[in-house]
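S.K.: Here it is: the structure, laid out below.
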Amino acid sequence: MNLGKVGIIFNGGGFLGAFSAGYIKALLKAGIRPAHIQGVSVGALNAVKLVIELENTGELEKIYEDIEKTKAIMFFNWIGVFKIIIRKRIDQIKTLWKYILGLLRIKRILTDTLNPAKGSDSEASEELEKKWLGIEKARASSIFNWKDIPGNIVKKSGHIYNNKGLLNIFHGININKIINSPIELQIVVHNESKGEREVFSSHDPRFKKNPDLFMKMILASASIPGLFPLIEKDDQQYSDGIYFSLESMMETGCDTIFLLLNDQFAEKGKRWDERMFIIRNFLYEELISSKINEALKKHPDFKLENEDWEGKEKFLPPLLKKIESIKQQIRSVASSIISGDDINLIPHRLIILNTRTPISTLHATSFEIGDIKAAIEQGYDQASVLLKKLGMG
C-alpha cells in the first residue's frame with residue numbers, strides 16, 4: 001500500500017503517553033517513516049524524542065549510503081594496483097591482497113551495523129521506549145512531586161507542582177538538530193494571554209535564529225494548566241495545548257496521517273480522584289470526536305481508514321475496498337481541482353490508534369511499576385494487528 005507522505009500525531013494523556021511509544025514502535029518496524037510529526041502535552045515528549053532519534057538513524061544511513069556509492073574506490077588507487085600486477089611484485093601483491101580482504105571485512109561489519117534494511121528506524125523507537133522505562137524507574141513522583149504542593153499553595157501560585165521533573169526529561173535535547181531536521185515538528189500550545197491555541201513549527205524561520213524559543217514552546221506544551229508553571233515568550237503566557245490539531249497536519253499535504261490517542265477508562269474500581277474527572281473525561285472524548293469529524297468535513301479528500309476506532313470492527317472486503325479506493329481517488333482529484341492544488345492520486349487517509357484494554361493502575365499522573373512497560377507492549381501489539389488488517393504490516 002502506497003502511503004504517500006506520512007504525518008504522525010502524538011496526543012496527550014500524561015503517563016498514558018506510554019501507549020504511543022508502543023504504537024510508534026510498530027509503525028517504524030513496518031517501515032513507516034514520517035515527514036511531519038506533531039506533539040501536544042506528553043505527546044510533545046514523544047514527538048521530540050522521535051525526531052531526534054530518526055535524525056540519528058538518518059545520519060547512520062547516510063554513512064552507509066556513502067560507503068555503497070564509493071564502493072572500494074575510496075580505499076585504494078586502481079592505477080597503483082595495475083602497476084604492481086604488471087611489475088609482478090609478488091610480495092606487494094600478497095600484502096595488497098591482505099589489505100583488500102581487510103577492507104572487505106570492514107565493509108561487511110559496517111553493512112551489518114548500518115544497513116537500513118536491518119531496521120535502523122526501529123532503533124529510534126527503542127530509544128523512545130528506553131526513555132519511558134527510565135521514567136517508570138524514576139517513579140511518578142519524579143514529575144508530580146507532592147512535596148511541591150504545600151509551598152505552592154502557601155504562595156498562592158498558579159500551579160501546584162514545580163517543573164523540575166519536566167526540565168529533567170527534556171534535558172540534553174539537541175534543539176538545533178530538531179530545527180535543522182527535514183522532518184517538521186509541530187508543537188501545539190495554549191496561549192493563555194489570548195485565550196487561543198497555537199501551533200508552532202520547527203521550520204519557522206524565527207526558530208532558526210533563536211532555537212531556544214522553540215524549546216520553550218516544547219516545555220509549554222507539556223505544562224498542564226494548574227499543575228505546572230506557565231511559560232512566557234514575548235510577553236505572552238503559554239501552557240499545555242490540551243489536544244491535537246488535526247487540521248494543521250492535514251494542511252502540510254500529508255497523504256496518510258496516523259493519530260495516536262492514549263485515552264482509557266476503566267469501568268470498575270475507580271478511585272475518588274478518578275471519579276472527580278468523569279465528566280471532564282467524557283467532555284474531552286466528545287471534543288476529540290467532534291474535532292476529528294470537523295476536520296474530515298473540511299477536508300473531504302481524507303477518509304477515516306480504520307472505521308473501528310470506536311470499537312465497531314468494520315473492515316471492508318477486498319472488492320469493496322478497491323471500489324472505495326477508486327471513489328476516494330476521484331474525491332481527491334475533485335478536491336485538488338477545486339482548491340487549485342496539484343492533483344494527487346494517492347487516497348488521503350486518517351488512521352486512528354487508541355487504547356482498548358485499560359490498565360487499572362495506570363493513570364495520567366500516577367502508575368505502578370510494570371504499568372509503563374505493559375502499556376508499551378499493549379500499544380505495540382494493538383498497532384501491529386491494525387496495520388496487518390489494513391495491509392501495512
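The values are calculated or read from the model by the stated rules, or taken from the named source; none is laboratory data. This is a predicted model, so every value here is computed, not measured. No Cβ is skipped: glycine too gets one built from the backbone with ideal geometry, and neighbour counts run over all protein chains shown. With ligands, DNA and RNA removed, areas are computed over all heavy atoms of the protein, side chains included. Shrake-Rupley method; radii C 1.70, N 1.55, O 1.52, S 1.80 Å.
S.K.: Looking at Ile149, is it in contact (Cβ under 8 Å) with a residue 40 or more places away in the chain and open to solvent by less than 60 Å² (accessible area, probe 1.4 Å)?
M.R.: No.
S.K.: Here is a check on your reading of the model: is Asn162 open to solvent by 60 Å² or more (accessible area, probe 1.4 Å) and either touching a strand residue (DSSP E or B) at 6+ places or on another chain (Cβ under 9 Å) or among the small types (Gly, Ala, Ser) (or both)?
M.R.: On the way: open to solvent by 60 Å² or more (accessible area, probe 1.4 Å): yes; either touching a strand residue (DSSP E or B) at 6+ places or on another chain (Cβ under 9 Å) or among the small types (Gly, Ala, Ser) (or both): yes.
Here the answer is yes, as Asn162 does meet what is asked.
S.K.: From Arg206, Arg197, which residue is in a strand (DSSP E or B), open to solvent by 10 Å² or more (accessible area, probe 1.4 Å) and within 25 Å of Glu247 (Cβ to Cβ)?
M.R.: Arg197
S.K.: Can you name every residue in the range 177-194 that is in a strand (DSSP E or B) and either closer than 16 Å to Asn46 by Cβ or of a type in the set (A, V, I, L, M) (or both)?
M.R.: At the first step, the residues of the range 177-194 found to be in a strand (DSSP E or B) are 184-191.
Residues satisfying the conditions are Glu184, Leu185, Gln186, Ile187, Val188, Val189.
S.K.: Which condition from (1) at pLDDT 85 or above; (2) open to solvent by less than 50 Å² (accessible area, probe 1.4 Å) is the one that Lys297 breaks?
M.R.: It is condition (2) that Lys297 fails.
S.K.: Taking the residues in the range 33-59 that are of a type in the set (A, V, I, L, M, F, W, C) and open to solvent by 10 Å² or more (accessible area, probe 1.4 Å) as candidates, determine which candidate is nearest to Thr365 (Cα to Cα).
M.R.: Taking the candidates together, the pick is Val42.
S.K.: On the basis of being more than 21 Å from the chain's Cα centre (by Cα) and among the aliphatic types (A, V, I, L, M), does Ile149 make the cut?
M.R.: Judged against the criteria, Ile149 is a match.
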